[in-house]
Amino acid sequence: MTLGICLPSSFSISPIPKTKGSITSSSIHRCFCRINSYDFVVVNKTNKKKLKPCKNYFLYSNSCDVKIPAAQIGAAELEDSTTKSGFKNLVWPSPDDEIPFWRREFPTWDVNSDDSVNAEKDSDLLHIVHATAEMAPIAKVGGLGDVVTGLARACITRGHKVDVMLPFYECIQRQHINNLVLISTYASYFNGDWIPTNAYRGEVSGISVIFIEPSNHFFKGQSVYGGSYNELEAYLFFSRACLEWMQVTGTQPDIIHVHEWQTGALPLLYWDMYQDLSLKKPRIVLTIHNMEHYGECSQEQLSKCGLDGSVYATEDKAVDDRTIGHNPERLSLLKGGIVYSNAVVTVSPTYLKETLCSGWLASTLLRNRDKYSGILNGIDSAMWNPATDVFLPAKFDAENFQGKNVCKHFVQRGLGLALEGTSSGSDRVPLVVCVTRLVAQKGLHLITHAIHRVDELGGQMVVLGRAPDGRVQREFENLANLYNQGSGIRILLMYSEELSHMLYAAADMVLVPSMYEPCGLAQMIGMRYGAIPVVRKTGGLADTVFDIDQGSQPELANGFVFEGIDQGSLNWALDRAFSSYREKPNEWATTLQKVMKVDNSWNKTAGQYIDLYNTLRVKW
Ligand code: ADP
């Protein structure tokens with residue numbers, strides 16, 4: 001029998017918890033390793049902080065009463081495999097690490113991918129300015145941030161000039177910005193005052209960003225959203241401050257691309273105010289990432305940015321249809337943006353259809369049908385690339401995915417999940433991940449159910465999510481208290497870009513059980529990282545995931561899809577995924593390779609935005 005022990009020379013270990021019976025001395029250190037289906041505790045008899053292989057160690061099993069002097073241990077099974085694949089010096093994490101593995105220092109991103117060097121350049125080049133509330137990775141809450149960065153990079157790669165205008169949130173970590181310089185000081189109007197404002201230029205992952213920093217309290221606080229200022233008023237200020245900056249600096253891009261309700265007032269300000277000043281050239285594109293958020297606003301609030309709010313209080317302009325007949329009726333910045341933009345895009349063809357059929361904006365969108373289209377989001381192939389991802393303990397790609405096993409093992413160890421082969425049931429333990437904002441849209445009841453079901457099926461699941469709503473947060477805290485002590489489920493209620501990358505890389509399956517999903521990036525990222533998607537058929541999920549067992553086009557088949565919103569429907573998809581993973585490992589590996597090769601990048605779809613920009617541009 002060959003026993004194995006995984007002890008890279010740089011392995012650092014942490015003190016054993018006081019609850020461990022006879023080996024509780026705080027001077028004794030331990031780590032876990034997997035040997036022939038047993039969990040072992042490795043004890044350093046010399047009380048040194050670092051373990052060196054095969055010197056003065058004893059292996060104690062948690063599950064059987066054996067003690068083996070390490071000197072008698074044979075070839076190191078895990079070490080062997082990691083040595084062969086070049087991971088010899090990997091520092092394996094443990095749940096007891098003082099610094100959790102996702103908060104370690106990581107190398108800086110090199111985003112200058114081959115794509116950008118080798119890509120063909122367009123001939124008729126544009127200047128595009130995005131005005132946005134989010135940008136990945138410095139100010140990201142969800143997909144909006146990813147989309148802005150990914151689309152901007154894809155356009156730059158094709159030779160276009162792109163600037164992103166972003167509020168200079170206090171929470172932005174300046175070390176992630178290169179070459180930050182103050183480029184203008186100017187004043188922008190708000191509520192009867194001209195607010196002294198700074199504009200900085202810097203580079204974020206290779207993209208030029210203009211940061212707008214007002215001297216008042218707007219955008220202060222520890223997070224992108226939810227600061228102790230009036231958010232609606234802050235974004236009204238920002239929308240005007242972007243145009244004001246263009247006006248004072250004489251910047252006339254071809255396209256101003258606005259996103260969501262936050263910059264929905266910019267098209268109104270542009271056509272009804274700045275066109276009468278010196279801004280003449282730009283045309284406006286609005287992308288709606290999620291119709292749930294309307295930017296509901298009183299006439300008085302809109303007037304604070306210098307427009308006459310009462311002018312927009314009509315059904316064909318900006319009255320929020322949900323408030324008609326109420327006293328007072330209110331406005332919707334998103335609706336105003338739809339009416340006043342030259343083109344309106346939503347983020348997938350299926351969501352386009354869904355939004356024309358239902359919802360409070362359907363009649364506005366139908367009235368503006370000629371300029372409304374659906375362009376599927378992509379993922380930023382520089383940021384989301386398992387072959388170069390700086391957050392991964394081991395890199396991999398579709399041709400060589402041994403590194404994916406290392407990532408899974410790494411995450412399992414770091415989170416204290418049972419290592420494969422130690423759980424009851426089958427030897428193959430599927431790991432399901434769900435990385436999401438914990439909001440109703442994402443199918444909270446199905447996420448909760450999936451946790452129970454995965455546990456029941458003997459799989460593992462990690463949920464990484466943040467709940468903006470206190471009630472949801474408490475519900476998931478209760479679940480975490482219930483499950484996180486075991487060895488199969490981890491519910492982590494936080495935001496971590498680094499951990500999200502590692503989870504996608506570790507996952508066998510990525511779960512997206514949304515009630516509705518305008519596009520969804522998690523399933524696309526999951527696929528690129530070799531995780532098979534298990535999704536509900538809605539919006540962009542229906543455009544990107546095709547059932548392996550049911551579809552009429554087997555060449556597209558890439559995941560497990562269900563339609564209902566009930567537990568049974570989810571079980572049907574999840575159970576099939578588990579059976580396939582456990583019973584057909586070869587087929588699974590083929591599918592895994594296939595999904596990793598699916599091109600969901602912006603390189604594929606950015607061209608549709610560029611075509612749209614070109615139909616709008618005004619030549620001077
Ligand atoms: P949405 O925009 O509705 O939040 P998407 O699927 O379009 O959903 O995009 C979500 C993005 O946010 C993905 O990049 C996902 O990995 C990321 N994300 C969501 N929650 C978290 C979290 N708690 N920690 C890290 N990343 C997260």
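With charges set only on the Cβ (+1 for Lys and Arg, -1 for Asp and Glu), what does the dipole of region 381-599 come to about its Cα centre, in debye to the nearest 20?
So the dipole magnitude of region 381-599 works out to roughly 360 debye.
Considering the options Gln412, Phe560, Thr544, tell which one lies farthest towards the positive end of the dipole of region 381-599, charges being +1 on Lys and Arg and -1 on Asp and Glu at the Cβ, about the Cα centre.
Ranked along the dipole, the leading option is Gln412.
Got the relative contact order for region 381-599 handy, in percent, Cα pairs under 8 Å and 6 or more residues apart?
20
I'd like to know how region 467-516 sits against the 2.2 N^0.38 Å rule of thumb: what's its Cα Rg over that expected value?
1.28
Going by amide H atoms built from the backbone, whose H comes under 5 Å of the H on Ile183, apart from near neighbours?
Long-range HN contacts for Ile183: Ala199, Tyr200, Arg201.
Under the definition of Cα pairs under 8 Å and six or more residues apart, what whole-number percent is the relative contact order of region 477-620?
Once divided by the residue count of region 477-620, the mean separation gives 17 percent.
Per-residue HN-Hα couplings for region 398-413, Karplus 6.51 cos²θ - 1.76 cosθ + 1.60 at θ = phi - 60°, whole Hz, x for Gly and Pro?
Calculated HN-Hα couplings, in order: 5, 7, 9, 10, 4, x, 5, 4, 5, 4, 5, 4, 4, 5, 4, 5 Hz.
Under a Cβ-Cβ cut-off of 11 Å, what is the net charge of the residues other than Ala318 that fall near it, where Lys and Arg count +1 and Asp and Glu count -1?
Charge balance in the 11 Å sphere: -3.
Kindly identify region 381-599 as rounded, prolate or oblate by the Cα gyration tensor criterion: order the square roots of the eigenvalues as a ≥ b ≥ c, call it rounded if a/c is under 1.5, otherwise compare a/b with b/c, prolate if a/b is larger, else oblate.
Verdict is rounded for region 381-599.
Over all Cα pairs of region 209-251, how is the pair count split among 5 Å bins, expressed in % and running from 0 up to the last occupied bin?
Histogram of Cα-Cα distances, whole percents per bin: 5, 21, 28, 24, 12, 7, 2.
Of all the accessible heavy-atom surface of region 381-599, with the other protein chains kept in place and a 1.4 Å probe, what percent is carbon and sulfur?
After summing per-atom areas, the C and S share lands at 48 percent.
Ignoring ligands and nucleic acids, what accessible area does Thr157 show with a 1.4 Å probe (Å², nearest 10)?
Its accessible surface works out to 20 Å², give or take rounding.
With every protein chain kept in the model, how would you rank Tyr200, Tyr169 by accessible area, 1.4 Å probe, largest at the top?
Order by accessible area, largest first: Tyr200, Tyr169.
To check you understand DSSP bridge types, tell me what percent of the beta bridges within region 218-359 (both residues inside) are antiparallel, rounded to 5.
25
Please list Glu399, Glu296 from largest to smallest accessible area, probe radius 1.4 Å, with all protein chains kept in place.
Ranked list, largest accessible area first: Glu399, Glu296.
Applying the Karplus parametrisation 6.51 cos²θ - 1.76 cosθ + 1.60 with θ = phi - 60° to the phi angles of region 330-336, what ³J(HN,Hα) value in whole Hz is obtained for each residue in order, glycine and proline being reported as x?
Rounded to whole hertz, the list is 10, 9, 10, 5, 5, 5, x.
Please arrange Lys395, Lys281 by accessible surface area, largest first, computed with a 1.4 Å probe and ligands excluded.
Correct descending sequence by accessible area is Lys395, Lys281.
Roughly how much of Lys619 is accessible, in Å² to the nearest 10, using a 1.4 Å probe?
Near enough 140 Å² of accessible area.
Considering only protein heavy atoms, what is the solvent-accessible area of Glu292 at a probe of 1.4 Å, reported in Å² to the nearest 10?
100
So what J values fall out for region 161-178 if you push phi through Karplus, 6.51 cos²θ - 1.76 cosθ + 1.60 with θ = phi - 60°, rounded to Hz, Gly and Pro as x?
9, 10, 10, 10, 9, 9, x, 7, 4, 4, 6, 5, 7, 5, 5, 8, 10, 8
Which translational diffusion coefficient, to the nearest whole µm²/s, is obtained for region 518-620 from the Stokes-Einstein equation, given a Kirkwood hydrodynamic radius over C-alpha pairs, 4 °C and 1.567 mPa s?
It comes out at roughly 86 µm²/s.
The values are calculated or read from the model by the stated rules, or taken from the named source; none is laboratory data. For clarity, every value in this text was computed on a predicted model and none was experimentally measured. Counting neighbours? That spans all protein chains shown, and the Cβs are built from the backbone with ideal geometry, glycine included. Keep in mind that these areas ignore ligands, DNA and RNA; they rest on the heavy atoms of the full protein, side chains included. Shrake-Rupley method; radii C 1.70, N 1.55, O 1.52, S 1.80 Å.
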